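Heads up: the structure comes next, in structure tokens.
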Amino acid sequence: MKFINRELGLGINITEIFLNQLTEISLSHYPNEFGGLLIGTYSHDRKEVFIMDTLLPKKYTSSKFGFYREIKGIEKQLQKHYKRKPCQYYIGEWHSHPDNLAIPSATDLKAFQDIVSHEEVLIENPILLILGVNKIYCDYSFYVIYNQIFLKYEKEGKS
């Protein structure tokens with residue numbers, strides 16, 4: 001599946017199988033929010049990202065309306081992943097919104113701004129994936145943070 005942000009000329013590639021895996025992980029924590037890191041590769045011009053994996057936090061706080069992953073231990077998890085798959089990088093974050101829409105909240109914007117402005121986070125075009133889930137449906141949306149706001153990606157083929 002491919003998603004594009006026409007305004008910035010950016011693309012995301014992800015398999016439906018992987019999106020389904022993230023949905024299952026989200027539902028396993030339902031009715032609380034849950035999430036993790038997105039791992040992938042970039043095209044040579046860095047305009048497209050290929051999402052391939054996730055790293056899940058070992059320590060986190062979660063409720064129906066909030067998710068906070070601990071930073072401690074994440075660096076070690078990333079280092080282990082890089083040793084196994086040296087061409088894959090941290091490219092963003094994902095989390096669920098149980099019984100809600102896949103739209104970022106003001107809290108999401110603030111948290112994501114904090115993450116991507118951290119001196120050790122050196123990624124271009126950071127991605128946020130939100131999964132709106134419940135036992136009946138799942139919706140998802142991809143966003144990129146640009147000039148302190150979220151810009152949405154659209155599924156290729158939609159106008």
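The values are calculated or read from the model by the stated rules, or taken from the named source; none is laboratory data. Not measured: the values here are computed from a predicted model. Heads up, the Cβs are rebuilt from the backbone with ideal geometry, glycines too, and the neighbour counts pull from every protein chain shown. All accessible areas refer to the heavy atoms of the entire protein, side chains included, with ligands and DNA or RNA removed. Shrake-Rupley method; radii C 1.70, N 1.55, O 1.52, S 1.80 Å.
Within the stretch 131-148, work out how many residues are among the aliphatic types (A, V, I, L, M) and farther than 21 Å from A111 by Cα. Let's see the steps before the verdict.
Residues of the stretch 131-148 that are among the aliphatic types (A, V, I, L, M), as a first pass: 131, 133, 136, 144-145.
If we keep only those that are farther than 21 Å from A111 by Cα as well, we get 136.
The total comes to 1.
So how many residues does the stretch 13-65 have that are closer than 22 Å to I123 by Cα, of a type in the set (S, T, N, Q) and either open to solvent by less than 50 Å² (accessible area, probe 1.4 Å) or at pLDDT below 95 (or both)?
Result for the stretch 13-65: 4.
For the stretch 73-105, name all the residues that are polar (S, T, N, Q) and within 15 Å of the chain's Cα centre (by Cα). Even if it seems obvious, please write down each step before you answer.
Filtering the stretch 73-105 down to residues polar (S, T, N, Q) leaves 77, 79, 88, 96, 100, 105.
Hits for the stretch 73-105 are Q88, S96, S105.
So that you can scan it fast, the table gives a plain yes or no per residue for (1) touching a Gly at 6+ places or on another chain (Cβ under 9 Å); (2) part of a helix (DSSP H, G or I):
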| position | (1), (2) |
| --- | --- |
| Y82 | no, yes |
| C87 | no, no |
| I91 | yes, no |
| W94 | yes, no |
| P104 | no, no |
| D108 | no, yes |
| Q113 | no, yes |
| V116 | yes, yes |
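If you take the residues of the stretch 102-146 that are more than 20 Å from I4 (Cα to Cα) and among the acidic types (D, E), which of them is surrounded by the most Cβ atoms within 10 Å (Cβ to Cβ)?
D108
Need pairs with beta-carbon distance below 6 Å; first residue on the phi > 0 side of the Ramachandran plot and within the stretch 144-157, second modelled with pLDDT under 85 and open to solvent by 60 Å² or more (accessible area, probe 1.4 Å); sequence gap 6+ or separate chains.
Pairs found: none.
Is there any pair with a first residue in the stretch 80-100 that is at negative phi and a second that is loosely packed, with under 15 Cβ neighbours inside 10 Å and assigned to a helix (DSSP H, G or I) whose Cβ atoms are under 9 Å apart and which are 6 or more apart or on different chains, and what are they?
Q88/Y82; Y89/Y82
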